1. Which angle between 0 and 90 degrees, to the nearest 10, do you get for helix 5-22 versus the longest principal axis of the chain when only C-alpha atoms count?
2. Counting other C-beta atoms within 10 Å, and keeping those with at most 16, which DSSP coil GluC sites (Glu not before Pro) do you find in segment 307-390?
3. With a Förster radius of 56 Å, plug the Cβ-Cβ distance of residue 316 and residue 162 into 1/(1 + (r/R0)^6) and report the FRET value to the nearest 0.05.
4. For residue 270 and residue 64, calculate 0.36 nm times their separation in residues minus their Cα-Cα distance, and state this gained length in nm to one decimal.
5. How much net charge surrounds residue 259 when only other residues with a Cβ under 12 Å from its Cβ are counted (Lys, Arg +1; Asp, Glu -1)?
6. Would you give the gap between the C-alpha center of segment 224-269 and the C-alpha center of segment 39-66, rounded to a whole Å?
7. Report Rg(Cα)/(2.2 N^0.38 Å) for segment 129-229, keeping two decimals.
8. Find the all-direction average of the projected area of the Cα convex hull for segment 32-170, expressing the result in square nanometres with one decimal place.
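Just so it is clear, none of the values below were taken in a lab; they were calculated from the coordinates. It should be emphasised that the depicted structure is a prediction, and the values quoted were computed from it without experimental measurement. Please note: Cβ atoms are built from the backbone with ideal geometry, for glycine as well, and neighbour counts cover all protein chains shown.
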Amino acid sequence: MAPPVKVVLAVVSLLAAVFCGTDPLGLSSMAEFPGFETYAVELPAWSEIPKARDELDLLQRAEVRFLGQVQGPESVAFDPLGRGPYTGVADGRVLLWDGNSWSDFAYTSPNRSELCDPNPSPLSYLKNEHICGRPLGLRFDKKTGDLYIADAYFGLLKVGPEGGLAKQLTTAAGGVPLKFTNDLDLDDQGNIYFTDSSTNYQRRNFMQLVFSSEPSGRLLKYNPVTRETTVLLQNLQFPNGVSMSKDKSFLVFCEGSRGRLSRYWLKGEKAGTSEAFAILPGFPDNVRTNEKGEFWVALHCRRTVYAYIMGHYPQLRKFFLKLPIPAKYQYLMHIGGRLHAIIVKYSSDGELLQVLEDRQGKVVRAVSEVEEKDGKLWLGSVLMPFIAVYDMS
């Protein structure tokens, strides 16, 4: 007598679950990471995540500049004399726009070779980033004109106004090597505050870090006088952008996995402590302070219901990641099916002031940083081959 259909389906489902859970053929997107683990994400209630939208999709009005001339321009900076923009690109160089063309300004790796020659897309450099370098956050010292660089592989570096090979300042903190140096900012005394996004994953494995949400990230401080690097905060989930408040009494930093801005006090009674500053609509990259003391935050995407559930239930997330689905499609599931740019502005008190979007990803598909200058927003992107400029007038 044949077994009931329900029994057959139950057995098939059980076998499928065991197969996917153990991944015996190594077909999952995490197959190359045998020790891969997932971690719960501390999230606010779904109702607390900002729902405000840009119904006009104003970022679709942004002008695409330098298409194909800059690959993955993560950070955009202008020097104390107003020259620029400067930007770090996927092949390890920092480039300078002189008003007519791009020129090499600096580089972070002393081991550059033909492996770092031009490629057709930013992601095509991933496998050789540890050789070529990957400059991410850029900041100028307004007093000296020195450029400080957070390179994902070579740590915190500095190069003078004349450019050239950047000098390494630090590659470890608390006896632990920097694994994924990401962004930085300076105070008036020249101290540098920067993030190490993970002590386990390098930037070339950023997708695995996104999926894992592992809490090994750190907020760090480098003292240029003593040359000491100290750990200010640890156990962070993908810390990224860092920016000082206008009065330099505190800094804010992004935590990608948690989707929030946190404040770290530098002065006053609360000095040395941190607190939540703002809940973000999605997954942040960099944050930058404008002349008014407001904070522009670049988001890779809004947080979807799928990502919210997976954040709460790490074992469920791990099970889905064991399915024979390529990492690219797992990522698309995570971000809602397609790249879509969103930037948000917060007051110095953490109040949401403005949302600008391209919800369809028609013009600006991804944003890593927003630099406000002379009424324009310069939008860098680690994933795109251009810089977009949005005229706020």
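1. Between the helix axis and the principal axis of the chain, the angle is about 30 degrees.
2. The qualifying sites are 351.
3. That gives a FRET efficiency of 0.55.
4. Going from the current span to full extension adds 69.9 nm.
5. Charge balance in the 12 Å sphere: 0.
6. Here the two parts' Cα centres lie 22 Å apart.
7. It is 1.05.
8. Convex hull of Cα atoms, orientation-averaged projection: 13.0 nm².
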